[in-house]
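The values are calculated or read from the model by the stated rules, or taken from the named source; none is laboratory data. These numbers come from a predicted model, not from an experiment. A quick note on method: Cβ atoms are made from the backbone with ideal geometry, for glycine too, and the neighbour counts reach across all protein chains shown.
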Amino acid sequence: MQITPLHARSFLLSLLFSVSLAAAPALASDCLRMHVIENSLMGYVDEQGVPTGAHWEFLSAIEQRSGICMEKVLLPIPRLWSALELGTVDGGIVFRSPQREQITLPVAQTLEIQIVAIPRAGLSLHSYEDLSGLNIGVTRGTQLSNRFDADESLNRVEVNSYSQLAKMMAAGHVDAIAGTLNSLTVELETAGAIESVNLAGSLNLGLRDQWLLMSRNSDQLDAVPALKQATDQLRQEGVFDRIMDKYYGNLWHIEANYPK
């Protein structure tokens with residue numbers, strides 16, 4: 001078969017088209033794959049089917065400020081740590097944990113969150129010792145405080161999400177639930193279970209720092225300096241605080257809920 005200029009041109013165009021198709025996934029893979037905790041108001045799909053939430057917006061702000069492309073994915077709490085360990089996600093926002101720093105690299109702090117144990121109605125928690133003998137609902141894989149996490153005498157009932165904690169409390173299956181004040185309160189209100197608890201009798205378990213973390217198995221750790229600079233700037237400018245106010249109002253403010 002004789003190769004004409006027209007055949008040659010068609011072949012070259014086909015080749016270039018094929019190369020461009022092959023390159024498209026590679027360009028997408030250059031984006032950081034970042035997890036967002038699947039939890040009401042932190043990360044969820046709204047009524048229009050659009051992913052949103054406080055942490056979703058945190059990462060969007062960091063992406064815009066740093067200029068580093070991010071593909072965000074919703075993950076339930078139990079799955080996010082295994083994903084970080086395996087490197088199937090590059091990073092995300094979660095509590096910083098010394099016990100897990102062999103698999104994660106701390107990048108920058110975003111904010112402090114209040115950790116509480118909320119008892120059922122008719123029960124008050126005046127001290128840590130009051131937790132003894134209670135069935136306490138917690139989300140699987142979440143570390144709340146050094147003392148609480150290391151206390152093997154506590155009766156923990158583990159579930160996969162904060163919404164399950166609220167439903168268990170409403171059904172009378174637990175005596176208390178422990179976690180972040182803002183998320184627990186929102187889920188209790190959503191489940192119509194706020195009357196099932198004694199918020200005034202809650203026990204303050206302390207503060208936990210939420211951080212932007214990267215998986216040590218990520219192949220894009222060269223992005224860390226730019227991510228740190230962007231996150232530090234946004235925190236200093238109060239951007240994360242304003243996002244939290246948008247979703248949680250006064251629920252997450254430490255001073256309002258536990259005045260000094």
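In the list 207, 184, which residue meets the criterion of being part of a strand (DSSP E or B) and farther than 26 Å from residue 88 by Cβ?
None of the others qualify; the one that does is 207.
Consider residue 158 against the criteria (1) farther than 25 Å from residue 98 by Cβ; (2) out of contact with any helix residue (DSSP H, G or I) (no Cβ under 7 Å at 6 or more places or on another chain): it satisfies all of them except one. Which criterion is unmet?
Failing condition for residue 158: (1).
Could you name every one of the strands (runs of 3 or more DSSP E) located completely within the stretch 133-181 that has at least 2 residues being at pLDDT 95 or above and of a type outside the set (A, V, I, L, M)?
The qualifying strands (runs of 3 or more DSSP E) are 135-139, 155-159.
When you check residue 194 against the structure, is it free of Cβ contacts under 8 Å to residues at least 12 places away in the same chain and closer than 27 Å to residue 44 by Cα, yes or no?
So residue 194 passes the test.
Check whether at least one residue in the stretch 51-74 is in a helix (DSSP H, G or I), among the charged types (D, E, K, R) and at pLDDT below 95, and report yes or no.
Taking every residue of the stretch 51-74 in turn, none turns out to be in a helix (DSSP H, G or I), among the charged types (D, E, K, R) and at pLDDT below 95.
Any idea how many residues of the stretch 106-153 are closer than 23 Å to residue 54 by Cα and surrounded by 15 or more Cβ atoms within 10 Å (Cβ to Cβ)?
20
Just for the stretch 235-260: of the residues that are buried (at least 18 other Cβ atoms within 10 Å of the Cβ) and in contact with a strand residue (DSSP E or B) (Cβ under 8 Å, 6 or more places away or on another chain), which one is modelled with the highest pLDDT?
240
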